[in-house]
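A.B. asks: Below you'll find the structure I mean.
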Amino acid sequence: MINDKQVLYSGMQATGNLTIGNYLGALKNWLTLNEEYECFFGVMDLHSLTVRQNPAEFRKKAKNLFILYIAAGLDPKKNCIYFQSHVSAHAELAWLLNCFTYVGELNRMTQFKDKAAKHKDNINAGLFTYPVLMAADILLYQADFVPVGKDQKQHLEITRDIAERVNAVYGDVFTVPEPFFGKAGTKIMSLQEPTQKMSKSDENPNGSIYLMDDPDTIVRKFKRAVTDSFSEIRYSEEQPGVSNLLEIYSACSGTPIADAEKEFEGRGYGEFKEAVAEAVISVLKPMQDEYARLSGEKAYIDGLIRENDEKAAYYANKTLRKVRKKMGLNEIPR
Ligand code: ATP
Ligand code: LTN
């Protein structure tokens with residue numbers, strides 16, 4: 001508990017450009033959580049290093065993600081938005097937790113298996129111990145809840161196992177976190193392959209709408225979106241392309257899917273796609289304007305980073321001191 005509120009923790013890797021999938025499925029659902037919970041949202045830049053990054057681009061990407069969190073509506077005064085790499089306790093606790101994690105457990109992680117298959121020339125130890133760093137992220141803040149997508153469920157389970165293992169040896173050290181399924185996060189599919197999740201690392205940029213796409217690009221991508229030959233605008237398993245577009249339309253315009261089906265009854269795919277594009281633009285445009293404005297306010301942004309890094313470090317170091325003591329490391333003489 002912090003300030004009498006339960007703690008909620010999440011974050012995104014600073015890799016690739018965010019898509020409307022990331023926004024509608026995750027970020028948008030975070031915006032109001034701070035009313036009920038004490039929220040921490042990290043820019044997970046240490047995790048991003050498990051894959052080779054170009055230093056200059058990477059530096060920009062991580063900073064852009066920080067600004068984007070705010071442009072999307074996360075209030076940096078009410079949520080602790082910070083850089084994982086600025087709080088050294090993450091790396092330190094990850095080491096300590098490494099000593100409480102079994103190789104057999106890590107071997108079962110499907111994300112590791114997938115990523116190892118994808119990056120055969122760089123199966124580094126960081127990729128293998130990725131879940132341990134993630135456990136450190138969460139446990140440092142004694143988080144009660146962690147909102148994540150299905151793909152991260154296994155990582156949350158290992159986090160709980162590690163926490164329980166440490167608690168069993170040393171007593172009450174960590175809060176054991178629960179997954180958080182708030183409002184069902186919409187799962188957005190690729191515009192080109194509607195049976196696959198829209199993903200920021202997709203090689204085909206036409207499958208994804210990026211948060212920074214300009215209106216013309218958005219219209220063009222929706223025009224090219226894969227539909228089907230039913231020529232009917234209906235939400236059904238047989239029509240994954242059309243259903244995905246309805247889902248996007250509904251999430252962006254606030255119209256329930258059933259109402260949207262009625263709205264477009266008897267109308268053609270062309271007209272429908274234009275309406276979806278318009279709905280997306282009306283959500284992204286203000287965010288892009290705010291992003292552009294904030295990007296010009298370097299001193300203000302740097303101030304926020306400093307302030308939030310400090311706040312995160314305060315709570316993280318408190319837990320780290322507790323763990324060091326419990327594990328029997330000598331205190332640093334003062
Ligand atoms: P990558 O392609 O780099 O693996 P990703 O686009 O799948 O990334 P993550 O960084 O793994 O995104 O996820 C960040 C958050 O966005 C997670 O909470 C995840 O569940 C959510 N998310 C990602 N893609 C989608 C999607 N298509 N629909 C809904 N939510 C999504
Ligand atoms: N692995 C997560 C990103 C992530 C995270 C976390 C999410 C790193 N540390 C801690 C929640 C809590 C991902 O790829 N989405």
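No value in this document is a laboratory result; all are computed from the given coordinates. Treat the numbers as computed from the prediction; the structure is a model and nothing was measured. For neighbour counting, all protein chains shown are included, and Cβ atoms are generated from backbone atoms with ideal geometry for every residue, glycine included.
A.B. asks: Could you tell me the distance between the Cα centroids of segment 300-332 and segment 108-145, to the nearest Å?
C.D. replies: Their Cα centres are 22 Å away from one another.
A.B. asks: Another question about this same structure. Measuring from label point to label point, each 7 Å out along Cα→Cβ, what is the ASP172 to ARG267 span in nm?
C.D. replies: Modelled inter-label distance: 5.8 nm.
A.B. asks: To check my understanding: the extent here is largest minus smallest coordinate of the Cα atoms along each principal axis. What are those three numbers for the chain, in Å, largest first?
C.D. replies: Dimensions of the chain along the principal axes of its Cα atoms: 75, 45, 40 Å.
A.B. asks: Hey, could you get me the Stokes-Einstein D for segment 3-60, Kirkwood radius over alpha-carbon pairs, 10 °C and 1.306 mPa s, rounded to whole µm² s⁻¹?
C.D. replies: Details: Rh = 13.0 Å.
Answer, rounded: 122 µm²/s.
A.B. asks: By average Cβ neighbour count within 10 Å, what is the ranking of 232-239, 21-28, 309-316 from highest down?
C.D. replies: Descending packing order for the listed peptides: 21-28, 309-316, 232-239.
A.B. asks: Okay, moving on. Enumerate the residues in segment 32-71 having an amide nitrogen under 20 Å from the point lying 7 Å beyond the Cα of THR110 toward its Cβ.
C.D. replies: What the label zone holds, given the 20 Å backbone N cut-off, is no residue at all.
A.B. asks: Nearest 0.05, what FRET efficiency do CYS99 and LYS60 give at R0 = 45 Å with Cβ-Cβ as r?
C.D. replies: Calculated value: 0.80.
A.B. asks: Do the sum for the chain: with -39,500 (n - 2.57) for every DSSP H run of n ≥ 4, divided by all residues, what is the mean residue ellipticity at 222 nm, to the nearest 500 deg cm²/dmol?
C.D. replies: Rounded to the nearest 500, the figure is -16000 deg cm²/dmol.
A.B. asks: Sticking with this structure for a sec: Filter the chain for me: DSSP H helices, axial length by Cα at least 18 angstrom, mean Kyte-Doolittle hydropathy not below 1.6. List them by residue number.
C.D. replies: On the way: long enough: 55-71 (24 Å, 0.09); 125-140 (22 Å, 1.66); 153-170 (26 Å, -0.60); 240-253 (19 Å, 0.56); 269-295 (37 Å, -0.11); 298-327 (42 Å, -1.10).
Qualifying helices, which must be both long enough and hydrophobic enough, are 125-140.
A.B. asks: In percent, what relative contact order does the chain have, based on Cα pairs under 8 Å that are 6 or more apart in sequence? Display every interim value, and only then the final one.
C.D. replies: Values: 465 pairs, mean separation 70.3, N = 334.
Reported as a whole number, the value is 21 percent.
A.B. asks: Here is a follow-up. Compute the relative contact order of segment 217-334 as a whole-number percentage, counting only Cα pairs closer than 8 Å that sit 6 or more residues apart in sequence.
C.D. replies: Answer for segment 217-334 is 22 percent.
A.B. asks: Given N residues in segment 37-80, what is its alpha carbon radius of gyration divided by 2.2 N^0.38 Å?
C.D. replies: It is 1.30.
A.B. asks: Same structure, new question: Sort out for me the Cα centre separation of segment 242-277 from segment 162-208, rounded to whole Å.
C.D. replies: Segment 242-277 and segment 162-208 have Cα centres spaced 27 Å from each other.
A.B. asks: Another question, if that's okay. Amide H to amide H under 5 Å from LYS197: which residues, 5+ apart in sequence or cross-chain, H placed 1.01 Å off N in plane?
C.D. replies: Those qualifying (amide H under 5 Å, at least 5 residues apart or on another chain) are SER190.
A.B. asks: Counting only DSSP beta bridges with both residues in the chain, tell me the antiparallel percent, nearest 5.
C.D. replies: Values: 3 of 17 bridges.
Antiparallel bridges make up about 20 percent of those DSSP assigns within the chain.
A.B. asks: Among rounded, prolate and oblate, which fits segment 71-172 when a ≥ b ≥ c are the square roots of the eigenvalues of its C-alpha gyration tensor, a/c under 1.5 means rounded, and a/b larger than b/c means prolate?
C.D. replies: Values: a/c = 1.70, a/b = 1.18, b/c = 1.45.
Note, shape of segment 71-172 comes out oblate.
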